[in-house]
Amino acid sequence: MESQLVVLGGGPGGYAAAFLAADLGLSVTLVDQEPRLGGVCLLRGCIPSKALLHVAKVMTEAQHLADWGVNFSRPSVCLDTMRARKEKIIATLSGGLSQLGKQRNVQIFHARAVFEDAHTLRLEGNSQGLADGRLRFQQCILATGSSPARIPALSLDSPRVMDSTDALDLPEVPESLLVVGGGYIGLEMGTVYAALGSRVTVVEMTDGLLPGVDRDLVRPLHKQLQRQFAAIHLNTRVVSLAEKKGAIEVAFEGPGAPRTERFSRVLVAVGRRPNSAGLGLDKAGIEVDPRGFVVVDRQQRTRQAHIFAIGDVAGEPMLAHKAAHQGKVAAEAAAGKPAEFAPRAIPAVVFTDPEIAWAGVTETEAARTGQKVHTAVFPWGASGRAQAVGRTEGFTKWIIDPASQRVIGCGIVGPGAGDLVSEAVLAIELGAHVEDVAWSIHPHPTLSETLAFAAEVHLGTATDLYRPKRV
Ligand code: NAD
């Protein structure tokens, strides 16, 4: 069988690519080794983690009501019900994807595929209707995603040592949990387990949580997590793990950390690696860089111009919305349109409480590259809405190009930051001037106003603060 376009991988990048390509008139085959569509994001990533973070947030907010004189008794948690509810969300969304594929006549194979050459895939598993299990293609989009990074020192064959997939399965609420890695996954899952009642310790090898993120954005989260977690050890490495008497004994190396400590469970979240090995990419003549990412051009084409790569397997940042966007670029290019992946801003969100979100140029990146920028900050303490909901630790920051006065970056910390940052993405993509943002009327009283107020801070016209323009 020959397909006009085969998409390899049914995650948010792959299905977006497959569905758009079908809408653009191509005959499309989608291959995924899992029995369900959705990829890591839907099956064991973004969506289940956000479901559990929702539970954590409501539980924490209920506690905060004590400040208003409303007291609830200690919650009782039924993990079976929680797991079933999470599973139902995944099943609904995954079923919806199969339906959307059918409506578009996308042929779906649930099988593992390996390249035999630059125009042939061999399917292992369900290869119904294919002579010799071979699928020939005119064009292909590689969207095979990424997997948790494994470090030998942290590999112990014990159910007590988990990766993010295991942790999302909610095997139990461990009395104590060590999270190795203070990145996205470590902090999000640490937040879930702390809310459910575990004593959570985070160990991070660099000198701060969320390395690479602007330090001022991380500070309010760090402070909050110090209250929620038992300990946060920075500049610290885990030297060894050993199973001892129904617990994991962990040896640390770093200032402030104990030499050893026992934990009921350990979650290892030290990054992700692209799924590019074992696919026969060499046989197809596809180039892979030393870190395992497939090398692509601005149309997402690999060294073989008829084979595209998108999402986690095609480079950082490993974010679902970047994958979906690249998938659409590749689908359009495959259909002969002049599409390019050239965003001015890719938003990133850490769904902790408070949330951290940023887009476009960051202060950290500007300092590294020597780019001159201005920053304008509006502290949420001066926001009526933030005061009303008792969340004044946040702030909103614009990064502005001094020469053009256009907004080129944004950082937000506070509840709902992940939703608020979309306005910044639009402003940056449209090349908005800081005055455009300031003069756009924002609804009162909302946290979205802080985007306009921060722009006013830059212009010296903010009236909710005393920051007159320096003349
Ligand atoms: P990450 O890169 O965000 O964080 C890994 C952390 O582990 C880093 O802070 C790193 O310094 C630390 N680390 C590495 N080796 C260590 C060691 N031996 N001991 C202690 N610390 C160590 O990776 P992640 O949290 O595993 O997430 C993987 C990817 O998944 C992210 O890069 C992100 O792209 C994606 N993700 C995104 C979201 C989101 O968008 N909200 C959520 C989860 C995951």
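Taking every alpha-carbon pair under 8 Å whose residues sit at least 6 apart, the range 85-130 reaches a relative contact order of 24 percent.
Legend: Rg and Dmax of the range 348-459, from Cα coordinates, 13.0, 40 Å.
Since only Ala386, Thr352, Val434 are under comparison, the one whose Cα sits farthest along the positive direction of the charge dipole of the range 331-439, derived from C-beta charges on Lys, Arg, Asp and Glu, is Val434.
Take every DSSP beta bridge whose two residues both sit in the range 152-270, then give the antiparallel share in percent to the nearest 5. So the antiparallel bridges in the range 152-270 amount to around 45 percent. Under the classification rounded if a/c is under 1.5, otherwise prolate if a/b is larger than b/c and oblate if not, where does the range 3-114 fall, given a ≥ b ≥ c as square roots of the Cα gyration tensor eigenvalues? Note, shape of the range 3-114 comes out prolate. Extending 7 Å from the Cα toward the beta-carbon at both Arg259 and Gln226 defines two label points whose distance is 2.8 nm. Model label points for Ser240 and Tyr466, set 7 angstrom from Cα along the Cα-to-Cβ axis, are 6.1 nm apart. Residues of the range 1-21 with an amide N closer than 17 Å to a point placed 7 Å from the Cα of Ala131 along the Cα-to-Cβ direction: 1-4. Placing unit charges on the Cβ atoms of the charged side chains and taking the dipole of the chain about its Cα centre, the candidate lying farthest along the positive direction among Ser176, Ile108, Val202 is Ser176. Take every pair of alpha-carbon atoms less than 8 Å apart whose residues are at least six positions apart; their mean separation over the length of the range 152-270 yields a relative contact order of 35 percent. Remark: the Ser440-Val173 segment gains 91.4 nm on full extension, using 0.36 nm per residue and subtracting the alpha carbon distance.
Cα convex hull of the range 152-270: mean projected area in nm², to one decimal?
Numbers: hull surface 27.1 nm².
Result: 6.8 nm².
Could you pull out the trypsin sites (Lys or Arg not before Pro) across the range 307-411 that fall in loop regions by DSSP (anything but H, G, I, E, B) with no more than 11 other Cβ atoms inside 10 Å? Listed in order of number, the matching sites are Lys372. A simple rule links phi to the HN-Hα coupling: the Karplus curve 6.51 cos²θ - 1.76 cosθ + 1.60 with θ = phi - 60°, which for the range 302-310 gives 7, 4, 8, 4, 8, 10, 9, 9, 9 Hz, with x for Gly and Pro. The mean sequence separation of alpha-carbon pairs under 8 Å and at least six residues apart, normalised by the residue count of the chain, gives a relative contact order of 14 percent. Here the dipole of the range 348-459 is about 200 debye; that uses its Cα centre as origin and unit charges on the Cβ of Lys and Arg (positive) and Asp and Glu (negative).
How much length is gained if the chain between Arg74 and His306 is pulled fully straight, taking 0.36 nm per residue apart and subtracting their Cα-Cα distance, in nm to one decimal? Walk me through the numbers before you get to the answer.
Details: separation 232, 0.36 × 232 = 83.52 nm, distance 5.86 nm.
Result for the pair: 77.7 nm of gain on full extension.
A dipole drawn for the chain from +1 and -1 charges on Cβ atoms has a positive end, and of Ala342, Leu79, Leu267 the residue lying farthest that way is Leu79.
To the nearest 20 debye, what charge dipole does the chain have about its Cα centre, counting +1 at the Cβ of each Lys and Arg and -1 at the Cβ of each Asp and Glu?
Working: 48 positive and 49 negative charges, 70 e Å.
Roughly 340 debye, rounded to the nearest 20.
Counting only Cα atoms, the size of the chain along its three principal axes is 71, 63, 41 Å, in decreasing order.
Solvent-accessible surface of the chain, taken per residue with a 1.4 Å probe and all protein chains present: 46 Å².
For the range 152-270, with only Lys/Arg (+1) and Asp/Glu (-1) charged at the beta-carbon, what is the dipole magnitude about the Cα centre, in debye rounded to 20?
420
Simple spin-label estimate for Ser422 and His54 gives 1.6 nm between the two label positions (7 Å along the Cα-to-Cβ direction from each Cα).
The values are calculated or read from the model by the stated rules, or taken from the named source; none is laboratory data. This structure is a prediction, so every number in the text was calculated from the model and none was measured. Counting neighbours? That spans all protein chains shown, and the Cβs are built from the backbone with ideal geometry, glycine included. Heavy atoms of the whole protein, side chains included, go into the accessibility calculation; ligands, DNA and RNA do not. Shrake-Rupley method; radii C 1.70, N 1.55, O 1.52, S 1.80 Å.
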